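Novice: Structure below; questions to follow.
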Amino acid sequence: MGDSRSQPCSAFAALAMILTALALLRPMDHDESQYVAAAILTAHGLIPYRHFAYLQTPLQPYLFAPIALIAGTWTWPALRITNAFLGAATIAAIHRAARIGGASPRAATIAAALFATCDILLFSIGTARNDALPAACLALALPAIVRTARSEASRRDAVLIGALLATAATAKISYALPALTYGAWTLFRRSRRPWWTLLGAMPFALFTLALFVASPEGFLFGVIDFPSKAPAEWYLAHPWKLSNTAKIIDILKFLALGPALLAIIATAGKRDRWHRILDLLILAGLIAALAPVPTWRQYLLPMLPALFVRLALVWHAHPPGKAMRIVAVVFACAGLAPTVEAVASGSIPMLDAMRDAAMIRETLDREHVSGPVATLSPQFLPGRAIDPRFAAGPFYFRSVALLNAGQERQHRLVSHARIALLGQPPAILIGGEGAWSSGDDRIDATLATYAINRGYRAVPIRGTRFTLYVARPASPRPAPHNSR
């Protein structure tokens, strides 16, 4: 009996360790900047939208702030490890939901394992972004959703589902559509306990409302305006990327990097009546992925948990033939390929980043700079040194006309189009935004040019690609001459 209980725990621990290793081996990505900075600044008592711009729904900085408080200068790898564990929980929840739905242990294990090879998942849980938390919450809700769909919902399940789906939506707005879809589905039958589901969601709705009330304009800009307008502005020079043709190609490519596309084909038209809620969640996740322009791989993650539960159920009822099994292996290998390529450098990028961060801290101390430091890479700075105006990393700075000068001051933001509003910060750090971090060297160069033109002193940071520009002390005013 003890052995049977320990097996799932051992499997989860092994899976979490593998995903953690992959997360630490994955190269740096500039997407992580705002999530690391937000967790650190929130841990220091700053409020998203009010004291710094946050370009997502607000829950993750608050949930991850205690991690930042404990981890200190190691917050960045700590958040990657946290996301790796959340990824393991997501995979385990899919297995559990499939078993509750009636799938055999073999079918549930195969479906969960295939899900684990999707590049969409592996990228999302291998970086310090905001994808792993909502995906885990959605997946952890699925066992209770399956129970509710197959029989009458218990009050406990209804509250749990409401809380988990609201957590997902409050961590990332694209999960709001699956959450609303489930809520609408409960309204068609009292046995699904819609009011208890709403009760579970209520604390997170009130939390979000409180942050909205604290800074309505900042909230609406970060959650609604920026995501809807910024991509079109940034890709204006590459309009094809914004076309429907590009969107279709990208979606098919991302789904084919792993067995997700195969799962869609394999589950088409094969369902029991209670599977309808899974289909609705899959469709809601797909629509949420289609809404932003352009579409990136992590946008497709909301549709995958329910999809692979469906796959387990279908393959339990209709086991795949030899040809299908071979194709599944091929797609699984395709899904693993980008991660294998990414981690095959022979180095440990996260350790390299921590060494760079240590050298940056040492240089700041030596130059007697306590902050704030203007940089497009705040994830390399200790919390006390982060300039809140750059909490969004490069993503607002590279914009041109999303806000006017007064709005930028109000939202505590600086764009390269109005870089004169930067003023004279004690220091400017460059080197973290470039092709090596999936970024653009040109916008980092804009900061460097500003520093040089303002007479900052360049201090190369030994052994790194970074340069710290330190403001020269102002010349003392001459004492007034007394001619008497």
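Novice: Where in the stretch 156-259 are there helices (runs of 4 or more DSSP H), lying wholly inside it, with at least 2 residues that are hydroxyl-bearing (Ser, Thr, Tyr)?
Specialist: Output list reads 176-186, 194-214.
Novice: Just checking, which of 12, 52 is surrounded by fewer than 23 Cβ atoms within 10 Å (Cβ to Cβ) and of a type in the set (A, V, I, L, M, F, W, C)?
Specialist: Exactly one residue qualifies, and that residue is 12.
Novice: Could you look through the stretch 126-149, keep only residues that are part of a loop (DSSP other than H, G, I, E, B) and either aliphatic (A, V, I, L, M) or out of contact with any Asp or Glu (no Cβ under 6 Å at 6 or more places or on another chain) (or both), and pick out the one that is nearest to residue 275 (Cα to Cα)? Even if it seems obvious, please write down each step before you answer.
Specialist: Taking the stretch 126-149 and keeping what is part of a loop (DSSP other than H, G, I, E, B), we get 126-131.
After this cut, where a residue has to be either aliphatic (A, V, I, L, M) or out of contact with any Asp or Glu (no Cβ under 6 Å at 6 or more places or on another chain) (or both) as well, the list is 126, 128, 130-131.
Values: 126: 31, 128: 33, 130: 29, 131: 25 Å.
Ranking the qualifying residues of the stretch 126-149, first place goes to 131.
Novice: So, one more: Could you tell me whether residue 447 is touching a His at 6+ places or on another chain (Cβ under 9 Å) and part of a helix (DSSP H, G or I)?
Specialist: When the stated conditions are applied, residue 447 passes them.
Novice: Can you find even one residue in the stretch 399-415 that is outside the structural domain of residue 22 (by TED's automatic domain parsing), touching a residue at least 12 places away in the same chain (Cβ under 8 Å), more than 22 Å from residue 226 (Cα to Cα) and of a type in the set (Ser, Thr, Tyr)?
Specialist: No, the stretch 399-415 contains no residue that is outside the structural domain of residue 22 (by TED's automatic domain parsing), touching a residue at least 12 places away in the same chain (Cβ under 8 Å), more than 22 Å from residue 226 (Cα to Cα) and of a type in the set (Ser, Thr, Tyr).
Novice: From the list 387, 441, 365, which one is under 20 Å from residue 50 (Cβ atoms) and without any contact (Cβ under 8 Å) to a residue 40 or more places away in the chain?
Specialist: Result: 387 is the single residue among 387, 441, 365 that is under 20 Å from residue 50 (Cβ atoms) and without any contact (Cβ under 8 Å) to a residue 40 or more places away in the chain.
Novice: On to the next question. What number of residues in the stretch 150-162 are buried (at least 20 other Cβ atoms within 10 Å of the Cβ) and either of a type in the set (Gly, Ala, Ser) or more than 25 Å from residue 272 (Cα to Cα) (or both)?
Specialist: The total comes to 4.
Novice: Would you pick out the residues in the stretch 268-291 that are in a loop (DSSP other than H, G, I, E, B) and farther than 20 Å from residue 320 by Cβ? Let's see the steps before the verdict.
Specialist: At the first step, the residues of the stretch 268-291 found to be in a loop (DSSP other than H, G, I, E, B) are 268-272, 291.
291, the sole residue that qualifies.
The values are calculated or read from the model by the stated rules, or taken from the named source; none is laboratory data. Just so we're clear, the structure is a prediction, and the values are computed from it rather than from any experiment. Using ideal geometry, Cβ is built from the backbone for each residue, glycine included, and neighbour counts are taken over all protein chains shown.
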